[in-house]
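J.: Got a structure here, written out as structure tokens. Questions coming.
None of the figures in this text is laboratory data; all of them are computed from the coordinates on show. From a predicted model like this one, the values you see are computed outputs, not experimental measurements. Every residue, glycine as well, gets a Cβ built from its backbone with ideal geometry; the counts of neighbours run over all protein chains shown.
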Amino acid sequence: MNYFIADINARIRVIVQDKLDVKPEQVEDATYLSNELGADSLEILEIIWEIEKTFNIHIPDEDMEKLTSIGSMTNYVRLKTGEN
């Protein structure tokens, strides 16, 4: 499935907004899930599971700890889906 970087970013933002019940203006590329949005480890796992489902990718446990911000999630999904 082909995704453009803006589409990936927009979808991740919506997932984070829905899972954490935050406003769109609170979710920027540099926003950190736990530090700035107060996400706990279970909420972060739920976000990652939703990203896996949405983009039909697998995120190994060792990569999950790297996914701390909207930007890092977007870049990771971009690499996993082969989009530029």
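J.: Which helices (runs of 4 or more DSSP H) does the chain wholly contain that include 3 or more residues that are basic (Lys, Arg) and touching a residue at least 24 places away in the same chain (Cβ under 8 Å)?
T.: Correct list: 5-20.
J.: In addition: Only one residue in Leu37, Leu33, Leu20, Leu45 is more than 19 Å from Thr81 (Cα to Cα) and touching a strand residue (DSSP E or B) at 6+ places or on another chain (Cβ under 9 Å). Which one?
T.: On inspection, the qualifying residue turns out to be Leu33.
J.: For segment 20-36, what are the residues that are surrounded by 12 or more Cβ atoms within 10 Å (Cβ to Cβ) and under 15 Å from Met73 (Cα atoms)?
T.: Val27, Glu28, Asp29, Thr31, Tyr32, Leu33, Ser34
J.: Now for a separate question. For segment 54-71, check the following and say yes or no: at least one residue is buried (at least 16 other Cβ atoms within 10 Å of the Cβ) and in contact with a strand residue (DSSP E or B) (Cβ under 8 Å, 6 or more places away or on another chain).
T.: The answer is yes; a qualifying residue exists.
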